[in-house]
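> This is the structure I want to talk about, given as structure tokens.
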Amino acid sequence: MPKTKDLAGKVAVITGAASGFGREFARLAARRGCKLVLADVQEDALAAIAAELTAQGAELLAQPTNVSRAEQVEALAEQTMQRFGAVHLLFNNAGVGAGGLVWENTVQDWEWVLGVNLWGVVHGIRTFTPLMLQGMAADPDYFGHIVNTSSIAGLLSPPGLGVYNVSKHAVVTLSETLYHDLRLIAARIGVSVLCPAFVPTGIAHSHRNRPPELTSKTPPTPSQLMAQAQTKKAVESGHLTAAQVAEQTFAAIDEDRFYILTHPKILSSVATRLQDILEQRPPSDPFAHKPDVKPKL
């Protein structure tokens, strides 16, 4: 059985920390003795989780942050170093969702979803990884680990979720490349990519934080309304909780495991997709092995 890593006193930076996976990462990191840097665009929810964990004795910094903005992530890093002087765990977790027929998505849809889901991870990696490497160079016992939140939609291509699929596929390949690049320089920094399926997290309501300048001026199409309603239904019917996903994620950190696949039953669909590529055949129905899922979407 893998040994549990000693995280006491380690500094954990968590984006999207005010709800869903991020909030549970924060709670679990606090229980493991971490110092916390909590970032989220929703200030009231961020204040609530900060107050909860402070009352439990956690040492933390909470900073409102729009991860799609480079300067705000850089400011988060600056505040982190001023407060704690190090970064050990980085959770690039902030995420939003949008759906509908892919040709019906607006420029604003693309900019919003890619801005948070992809650029947020890009900014986290390019800003915090050098700080982690500095920490590694200064301390022979340094331990670091980066977790990027993707989705099972980063391994499949479900219909009606094109913008979201693109963002999450990008996070998977970015994480894989980060893993290889860190191995290339023999860095003592682990990497994991989290690919959950349907979990009640609040992502179906992510439009609540959509910036006005990235809100489409045209009314949603029938396919977009359908995708939003069915995604909400599918996510809220998920049997695995965000807290359980957080437990799986920290277990992966303890084991230094790269892929975190929370719903193993869907792996047969992933295998079929890979076989489609190997046999050069058209894409199979991603829900062929899980027929109860497709009606929800």
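> Quick one: is Ile49 over 27 Å from Thr221 (Cβ atoms), in contact with a helix residue (DSSP H, G or I) (Cβ under 8 Å, 6 or more places away or on another chain) and not in a helix (DSSP H, G or I)?
Considered against the rule, which asks whether it is over 27 Å from Thr221 (Cβ atoms), in contact with a helix residue (DSSP H, G or I) (Cβ under 8 Å, 6 or more places away or on another chain) and not in a helix (DSSP H, G or I), Ile49 comes out as no.
> Go through (1) outside any helix (DSSP H, G or I); (2) more than 19 Å from Asp256 (Cα to Cα); (3) modelled with pLDDT of 95 or more one by one and return the number of the condition Val147 breaks.
Status for Val147: all satisfied but (2).
> Now for a separate question. Pick from His180, His169: which is without any contact (Cβ under 8 Å) to a residue 12 or more places away in the chain and either among the β-branched types (Val, Ile, Thr) or within 30 Å of Pro286 (Cα to Cα) (or both)?
His180
> Consider Thr106 carefully, then state whether it is out of contact with any Lys or Arg (no Cβ under 7 Å at 6 or more places or on another chain) and either touching a residue at least 60 places away in the same chain (Cβ under 8 Å) or closer than 17 Å to Ala26 by Cα (or both).
So Thr106 passes the test.
> Here is a list of conditions, (1) in a loop (DSSP other than H, G, I, E, B); (2) at pLDDT 95 or above, and Leu240 meets all of them except one; can you say which number that is?
(2)
Results for (1) of a type in the set (Val, Ile, Thr); (2) modelled with pLDDT under 95; (3) in contact with a Ser or Thr (Cβ under 7 Å, 6 or more places away or on another chain), shown as yes or no for each residue.
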residue	(1), (2), (3)
Ala70	no, no, no
Ala77	no, no, yes
Gln82	no, no, no
Val87	yes, no, yes
Asn93	no, no, yes
Thr129	yes, no, no
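> Looking only at residues that are assigned to a helix (DSSP H, G or I) and touching a residue at least 24 places away in the same chain (Cβ under 8 Å) in segment 27-43, which one is surrounded by the most Cβ atoms within 10 Å (Cβ to Cβ)?
Across segment 27-43, the extreme among qualifying residues is Ala29.
> Just to be sure, is Glu74 surrounded by fewer than 23 Cβ atoms within 10 Å (Cβ to Cβ) and either of a type outside the set (D, E, K, R) or under 24 Å from Val245 (Cβ atoms) (or both)?
When the stated conditions are applied, Glu74 does not pass them.
> Only one of Leu114, Leu118 is touching a residue at least 12 places away in the same chain (Cβ under 8 Å) and under 25 Å from Ala251 (Cα atoms). Can you tell me which?
Going through Leu114, Leu118 in turn, just one is touching a residue at least 12 places away in the same chain (Cβ under 8 Å) and under 25 Å from Ala251 (Cα atoms): Leu118.
> Next question, about the same structure. Whether any residue in segment 113-121 is at pLDDT below 95, of a type outside the set (A, V, I, L, M, F, W, C) and touching a Gly at 6+ places or on another chain (Cβ under 9 Å) is what I want to check.
no
> Also, quick follow-up: If I filter segment 70-92 for residues that are farther than 21 Å from Gln248 by Cβ and within 14 Å of the chain's Cα centre (by Cα), do I get at least one hit?
no
> Answer yes if at least one residue in segment 72-95 is closer than 18 Å to Pro212 by Cβ, part of a loop (DSSP other than H, G, I, E, B) and not aromatic (Phe, Trp, Tyr), and no otherwise.
Checking segment 72-95: not a single residue is closer than 18 Å to Pro212 by Cβ, part of a loop (DSSP other than H, G, I, E, B) and not aromatic (Phe, Trp, Tyr).
> Just give me the residues in segment 248-266 being part of a helix (DSSP H, G or I) and loosely packed, with under 15 Cβ neighbours inside 10 Å, in sequence order.
Ala251, Pro264, Lys265
> Among (1) without any contact (Cβ under 8 Å) to a residue 24 or more places away in the chain; (2) farther than 17 Å from Ala86 by Cβ, there is one condition Ala138 misses while meeting the rest; what is its number?
Failing condition for Ala138: (2).
The values are calculated or read from the model by the stated rules, or taken from the named source; none is laboratory data. This is a predicted model, so every value here is computed, not measured. Please note: Cβ atoms are built from the backbone with ideal geometry, for glycine as well, and neighbour counts cover all protein chains shown.
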